[in-house]
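Taking it in order: structure first as structure tokens, then the write-up.
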Amino acid sequence: MKVFVDTNVLLYRFDRDSPKKQQVAKAELRRLILERAIVLSTQVLQEFYVAATRKLKQPLEPERAAAVVDYLVRLPLLQIGAVTVQRAIALHREHSISFWDALIVQTAIAAGADLLYSEDLQSGQQFEGVTVVDPFTAVQRRG
């Protein structure tokens, strides 16, 4: 099973102002990495760096955020090409979701992911064989 991880899940791993979500993100990311199930994209890495250094209430120092990115690039990583962008535009228009979310979804599809971990999309929604899961509400239901 492959799980594509959206930027928001990575951010919560470092968000000390959301301790419950931070705990879930730490556990889920650790599990996915150990199981070799995680997939990321260049978009996710770019968004993570900017958000981690600017948007968290307690932002990461740029050096720390860069070190995290240096670690993440060693995981399975999809680079976004022109065809993925074109397909994301079609997905955006067809499903009325933001272009950036459509690009995440389309990249998850291209990666052959079974699940897309994100809290930005509707949990349970399916796109060409990829099911969206909000890991924060899914863990609450299990717990």
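Would you say residue 131 is among the hydroxyl-bearing types (Ser, Thr, Tyr), under 24 Å from residue 33 (Cβ atoms) and not in a helix (DSSP H, G or I)? Spell out the reasoning first.
On the way: among the hydroxyl-bearing types (Ser, Thr, Tyr): yes; under 24 Å from residue 33 (Cβ atoms): yes; not in a helix (DSSP H, G or I): yes.
Yes: the conditions hold for residue 131.
Could you go through segment 46-54 and let me know if any residue there is surrounded by fewer than 19 Cβ atoms within 10 Å (Cβ to Cβ) and outside any helix (DSSP H, G or I).
Within segment 46-54, not a single residue is surrounded by fewer than 19 Cβ atoms within 10 Å (Cβ to Cβ) and outside any helix (DSSP H, G or I).
Of all residues in segment 82-124, count the ones that are in a loop (DSSP other than H, G, I, E, B), surrounded by 20 or more Cβ atoms within 10 Å (Cβ to Cβ) and not aliphatic (A, V, I, L, M).
Going through segment 82-124 one residue at a time, the tally reaches 1.
Which of the residues spanning segment 38-82 are free of Cβ contacts under 8 Å to residues at least 40 places away in the same chain, of a type in the set (Gly, Ala, Ser) and touching a helix residue (DSSP H, G or I) at 6+ places or on another chain (Cβ under 8 Å)?
Matches in segment 38-82: 65, 66.
Would you point out which residue out of 86, 58 is at pLDDT 95 or above and in contact with a Lys or Arg (Cβ under 6 Å, 6 or more places away or on another chain)?
58
The values are calculated or read from the model by the stated rules, or taken from the named source; none is laboratory data. None of the values given here were measured: they were computed from a predicted structure. All Cβ positions, even for glycine, are placed from backbone atoms using ideal geometry, and neighbour counts span all protein chains on display.
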